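Reviewing the structure listed below.
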Amino acid sequence: MSDFHHALKIVDELCIGCSKCMNICPTHAIRVRNGKARLMDNRCIDCGECYRICPVSAIIIEQDDFSRIFPFKYRVALVPAVFFAQFPSKYSIGRITQALLELGFTHVFEIENGARLIRQETRKLLAENRDEKPLISTFCPAIVRLVQVKFPALVHHLMLLKPPLDAAAIWFRHHLEQQGASREETGIFYVTQCAAKIAAIKSPAEGEASPISGVINMDEIYNKVSVKLQAAEEDHAQANDKQVTMPGSADVLWSLTTGESSQIPGKRMAIDGVHNVTNFLEKLEQEEHPAFDFLELRACDESCAGGVLTTENRFLTAERMRSRARKCAADESQKQPSAMLYFDHEILPLLTIAEIKPRSMMKLDEDMGEALRKMKMIRQILQMLPMVDCGACGSPGCQALAEDIVQGRAMMENCIFIQRRYEQKGMLKPEVSAEIVKKIWGANKIDNENK
Amino acid sequence: MTFTYEIEGGNFSRAGTASSDIKKALKQLDLDYTIIKRVVVSLYEAEVNIVAHARRGTLTADIDPDRIVMVLDDQGPGIPDIDAAMTAGFSTASSRVREMGFGAGMGLPNIKKNADSLNIQSTVGVGTRLEIVVNF
Ligand SMILES: Nc1ncnc2c1ncn2[C@@H]1O[C@H](COP(=O)(O)OP(=O)(O)O)[C@@H](O)[C@H]1O
Ligand code: SF4
Ligand SMILES: [Mg+2]
């Protein structure tokens, strides 16, 4: 199960073991041991909630070094609409594009150009599929993983279609190849706001090569572009001069909440925020005939405008994107036939996802009898635990501790209430209790009196 | 392993609590997901029926390695004609209940469809007892 690749990493040297991440994690993937947060690989869905809450920035998101673009002759920046909306609207898309080119890219291509094809295919899938309804969008990779680990019974509802990112990357490769560029000469670099997308790209399905050569975190490119923008002259650049083609007004909004669902006919719904989505999926599991055809589910609040690597306030970002879409819809000159229409038939077969397997994190044991036995034990243990969910045991709540004990990841005495109880009965010496607490929270939180 | 729950008639906001709890337990066992879905759907419908039609009831769910047996016992009006009640679309639900989104008359037929065995005993004016079995 550890073949889940993760973009989120905890830096031990920086982690102060405060347990904020442990308590916010929607899949209970974090424990505290020896004063450091520990990630359980098979549970993490790379949603980035921990990254957002960490008070000392001890959680990082892996990326490729910017200098990796330079060995390529053709250096494409694949950029989401969310990126352009990081900047005040006085900076035009043309000017931001110009800044990206100045950084060393040879081409800039907006991901939402791929939305047209995905919309068309989603509509087809919806018209065909009766059994799998509601189709759950696979746009957000954190949601795909959430369903795999926590809602395995719903995996067959996941739509087996890749997102606009893949469509755009594959299209642009084709486009450059048409102009004589070889595969080796072309480096496609995805500028991303999203940890989950990085994780997904770095662990492509078996036997598949990702069309993306590397990922660069949006906050880093934001800083680089900001410097260029401040240095630059007046804004004369026209967006259309700098990019091969631009997405239409509906496509621009694809990554925002309702961006997909509003484009799909039938009964559809959009939910953002990983905790909101979790609550809804709990309900969906219970229904005999779900009332929806299509569900757009996104892990981040305000969807990708709230991606972990964004810099701007998510509501401002979303509003800028909406205002851009309105202008774009009003401006006839923007409605040029999209260059994207070429090679649709070559790209289409590459956009299907072969299979998404369940990866239940809840299973107590592969053996049914053993799993039942563990379930009984968890129940007995829970009756002894105080049910205050304080987290002082280093697990995210009493239920999680009970499971950890049964799975051999913790002991009863990790609970500070149990310690007091055992001490009163003379079964545990206070020194031993202190040692146990140190093993969870690190020695310095106990030993150091003037911290 | 046995789980027991009290189910309160008329309390629609709590309807589904027991089935959601049982669902969590089943997800911890290495069961086929289609089986879990069958258990959860049938239990949910039975639970809602107590909320919608009876005064109060209890659920006892027994899980062992090869099956789950769910017994729902309620105090309520009982079902005068069980065959009629089993017909798809048959419902005596009040307009208030329908407004809550329940009362499509598909509950009992859905239980029948999803369970390996369903046994209903009912005494008018006293109550109803459902025994639902799903084999693993
Ligand atoms: N526990 C119960 N107590 C009394 N009547 C019941 C009970 N369960 C079902 N019924 C009767 O059977 C009918 C059909 O039940 P069901 O198929 O679940 O449809 P619905 O609940 O939507 O009406 C109900 O309308 C009601 O008259
Ligand atoms: S909502 Fe967007 S940014 Fe957030 S995890 Fe999903 S795809 Fe990534
Ligand atoms: Mg019913």
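The values are calculated or read from the model by the stated rules, or taken from the named source; none is laboratory data. Nothing here was measured: the structure is a model prediction, and the numbers come from that model. When we count neighbours, we look across all protein chains shown, and the Cβ atoms used for this are built from the backbone with ideal geometry, even at glycine.
A compact table of results
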| read-out | value |
| --- | --- |
| Number of positions in segment B:74-113 that are within 17 Å of B:ALA15 (Cβ to Cβ), assigned to a helix (DSSP H, G or I) and more than 8 Å from ligand 1 (Cβ to nearest atom) | 3 |
| Members of segment A:1-24 found to be among the hydrophobic types (A, V, I, L, M, F, W, C), touching a helix residue (DSSP H, G or I) at 6+ places or on another chain (Cβ under 6 Å) and in contact (Cβ under 8 Å) with a residue 40 or more places away in the chain, listed by number | A:ALA7, A:LEU8 |
| Helices (runs of 4 or more DSSP H) enclosed by segment A:338-444 - at least 3 residues per element that are over 29 Å from A:LEU158 (Cβ atoms) and in contact with a His (Cβ under 9 Å, 6 or more places away or on another chain) | none |
| Test: residue in segment A:65-74 that is touching a strand residue (DSSP E or B) at 6+ places or on another chain (Cβ under 8 Å) and free of Cβ contacts under 8 Å to residues at least 40 places away in the same chain | no |
| Those residues of segment B:24-41 which are within 9 Å of chain A (Cβ to nearest Cβ) and assigned to a helix (DSSP H, G or I), in sequence order | B:LYS24, B:ALA25, B:LYS27, B:TYR33, B:THR34, B:ILE36, B:LYS37, B:VAL40, B:VAL41 |
| Residue within segment B:20-38 that is within 14 Å of ligand 3 (Cβ to nearest atom) and not polar (S, T, N, Q) present | no |
| Qualifying residue in segment A:399-407 (condition: without any contact (Cβ under 8 Å) to a residue 12 or more places away in the chain, in the same structural domain as A:ILE436 (by TED's automatic domain parsing) and surrounded by fewer than 16 Cβ atoms within 10 Å (Cβ to Cβ)) | no |
| Whichever residue in segment A:249-272 is in a loop (DSSP other than H, G, I, E, B) and surrounded by fewer than 21 Cβ atoms within 10 Å (Cβ to Cβ) and, among such residues, is farthest from ligand 1 (Cβ to nearest atom) | A:THR258 |
| Inter-residue pairs, beta-carbon under 6 Å, first more than 13 Å from A:ALA153 (Cβ to Cβ) and in segment B:17-34, second in a helix (DSSP H, G or I) and among the hydroxyl-bearing types (Ser, Thr, Tyr), 6+ apart | B:SER19/B:TYR44 |
| Test: residue in segment B:45-56 that is more than 13 Å from ligand 3 (Cβ to nearest atom) and among the small types (Gly, Ala, Ser) | no |
| Every residue from segment B:92-132 that is within 11 Å of ligand 3 (Cβ to nearest atom), within 14 Å of chain A (Cβ to nearest Cβ) and under 14 Å from the mean Cα position of the chain (by Cα) | B:PHE102, B:GLY105, B:MET106, B:GLY107, B:LEU108, B:PRO109, B:ASN110, B:ILE111 |
| Residue list for segment A:150-166, filter: more than 15 Å from ligand 2 (Cβ to nearest atom) and of a type in the set (A, V, I, L, M, F, W, C) | A:PHE151, A:ALA153, A:LEU154, A:VAL155, A:LEU160 |
| Residue check for A:ARG298: basic (Lys, Arg), more than 16 Å from ligand 1 (Cβ to nearest atom) and either within 15 Å of A:PHE83 (Cβ to Cβ) or in contact with a Cys (Cβ under 8 Å, 6 or more places away or on another chain) (or both) | yes |
| Considering residues of segment A:134-168 that are of a type in the set (A, V, I, L, M, F, W, C) and in contact with a Gly (Cβ under 8 Å, 6 or more places away or on another chain) only, the residue farthest from the other protein chains (Cβ to nearest Cβ) | A:ALA168 |
| Residue in segment B:44-55 that is over 21 Å from B:LYS113 (Cβ atoms), within 8 Å of another protein chain (Cβ to nearest Cβ) and crowded, with 23+ Cβ neighbours inside 10 Å present | no |
| Any hit, segment A:126-142, residues being surrounded by fewer than 20 Cβ atoms within 10 Å (Cβ to Cβ), in a loop (DSSP other than H, G, I, E, B) and among the acidic types (Asp, Glu) | yes |
| Positions within segment A:110-128 being more than 28 Å from A:ILE93 (Cα to Cα) and free of Cβ contacts under 8 Å to residues at least 12 places away in the same chain, in sequence order | A:LYS124, A:ALA127, A:GLU128 |
| Meets criteria (more than 8 Å from ligand 1 (Cβ to nearest atom) and over 19 Å from B:ASN119 (Cβ atoms)) for B:ARG67 | no |
| Any chance B:ARG67 is within 21 Å of B:ASN11 (Cβ to Cβ), more than 16 Å from ligand 2 (Cβ to nearest atom) and either surrounded by fewer than 18 Cβ atoms within 10 Å (Cβ to Cβ) or away from chain A (no Cβ under 14 Å) (or both) | no |
